[in-house]
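Just below is one structure, and these are the notes that go with it.
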Amino acid sequence: NVVLTLTNVSTADNKTFITTDYLPKDASFGKRLIRTYNKILLEKVDTEGMTVGERVVLMRWGVVKITQVEGELQGEYVPDGDFKKAKRKISWMAQVPEQLSATLFEFDNLISKEKLEEDDDFKDFINPNTLASSEAIGDFGLKNLQKNEIIQLERRGYYRVDQPYISEDKGLILFMIPDGKAKAMSGLTGKLAHR
């Protein structure tokens, strides 16, 4: 992750939230709170090639003008910024102590060949890499998830809750639900091929 410091956002109140739809395309799912702060986390892949003066959209929050890229990434929040003029639309998360850790599991096919022929010995096509895990950080709202709930992590995919968050020692465990696509939902890639 990369930290973006918003130089014109107050650090006095780190309990500031914005309200947004759970699903932007379907308001019937209700609203949720998203924590804002002057330091936010971005995926490293989203910051590659950023330039001073560039305007980016922080999804569901607003426009930021990048003011520094060397050393520490900095920007200024532009309350009435034009979303259409921004080059990038970026997922983000406030860098606050209340984040929780989660373990994401991915699964791949047991057989590495799409279709076995009659004379194929299946043992020759056993995939040795069928399980991968990644540590992630998540928003405090993930603490409310229950076992077997299905959620979508933006730009990553759909997951089933295998173990809800219980404590720091017994964190959230999510199992990826394969979608049958060979290409990832974004520039973010998983650890397995997902043939």
note = Per residue, accessible area of the chain with a 1.4 Å probe, heavy atoms of protein chains only, in Å², comes to 64
Integer Hz, Karplus 6.51/-1.76/1.60 couplings in order for segment 171-178, x for Gly and Pro = x, 5, 10, 10, 9, 5, 9, x
Cleavage-rule hits, trypsin sites (Lys or Arg not before Pro), segment 109-169, DSSP coil, Cβ neighbours within 10 Å at most 10 = Lys115, Lys147
request  = Provide the gained length on full extension for the span Asp162 to Lys115, in nm with one decimal, where the gain is 0.36 nm per separating residue minus the Cα-Cα distance.
outcome  = 13.9 nm
query = Using 7 Å Cα-to-Cβ label points, what is the Asn127/Phe83 separation (nm, one decimal)?
reply = 3.7
remark   = In segment 34-172 the accessible area split gives carbon plus sulfur, as whole percent at 1.4 Å, a share of 48
note = Length-normalised contact order of the chain, Cα under 8 Å, at least 6 apart, in percent, tallies to 17
ask   = Going through segment 12-104, which GluC sites (Glu not before Pro) have at most 16 other Cβ atoms within 10 Å and a DSSP loop state?
value = Glu48, Glu54, Glu70, Glu72, Glu98
query = Across every pair of different alpha-carbon atoms, what Kirkwood hydrodynamic radius in Å does the chain reach?
reply = 19.0
inquiry  = 7 Å from Cα along Cα→Cβ at both Phe175 and Glu48: what's the point-to-point distance in nm?
reply    = 3.2
ask   = Mean shadow of segment 62-129, computed from the convex hull of its alpha carbons, in nm²?
value = 9.9
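The values are calculated or read from the model by the stated rules, or taken from the named source; none is laboratory data. Because the structure is a prediction, the values reported are computed rather than measured. Reconstructed Cβ throughout: ideal geometry from the backbone, glycine too, with neighbour counts over all protein chains shown. Please note that ligands, DNA and RNA were not included when accessible areas were found on the heavy atoms of the full protein model with its side chains. Shrake-Rupley method; radii C 1.70, N 1.55, O 1.52, S 1.80 Å.
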